[in-house]
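The values are calculated or read from the model by the stated rules, or taken from the named source; none is laboratory data. Remember, predicted model here, so these are calculated numbers, not experimental data. Glycine also receives a Cβ, built like all others from the backbone with ideal geometry; neighbour counts cover every protein chain displayed. Quick note on the areas: whole protein, heavy atoms, side chains included, nothing else; ligands and nucleic acids left out. Shrake-Rupley method; radii C 1.70, N 1.55, O 1.52, S 1.80 Å.
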Amino acid sequence: MSTFLPADEVRILTGKSWKSKQIEALKKMRIAFFVNALGYPIVTKTAVEGKKEEAPTTKQWSPPDGPQTNKKSKFATRHAPPRTR
């Protein structure tokens, strides 16, 4: 099951065959969409169905538990590369 409407359904929804006209129709209907690299409007199914689209949850980084050490990282200081002659 795809998240996006197929091209033929976008054509039926807008009543237009040309991608520029489809974009104009979607703007008039106030349907959320984005344009792909080929210039075609891409519409999510939730934009048409009216369901609230939830953003994917990502786990936020938190520092590790335990005592902090004062170890130097090998990336902490920057050294000049060795000279070649």
*Which of (1) at pLDDT 60 or above; (2) open to solvent by less than 100 Å² (accessible area, probe 1.4 Å) does TYR40 not meet, given it meets every other one?*
(2)
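Take PRO67 and decide whether it is modelled with pLDDT under 70 and surrounded by fewer than 11 Cβ atoms within 10 Å (Cβ to Cβ).
Numbers: modelled with pLDDT under 70: yes; surrounded by fewer than 11 Cβ atoms within 10 Å (Cβ to Cβ): yes.
For PRO67, the condition - modelled with pLDDT under 70 and surrounded by fewer than 11 Cβ atoms within 10 Å (Cβ to Cβ) - is met.
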_Looking only at segment 6-33, count every residue that is exposed (fewer than 14 other Cβ atoms within 10 Å of the Cβ), outside any helix (DSSP H, G or I) and out of contact with any strand residue (DSSP E or B) (no Cβ under 9 Å at 6 or more places or on another chain) and tell me the total._
5
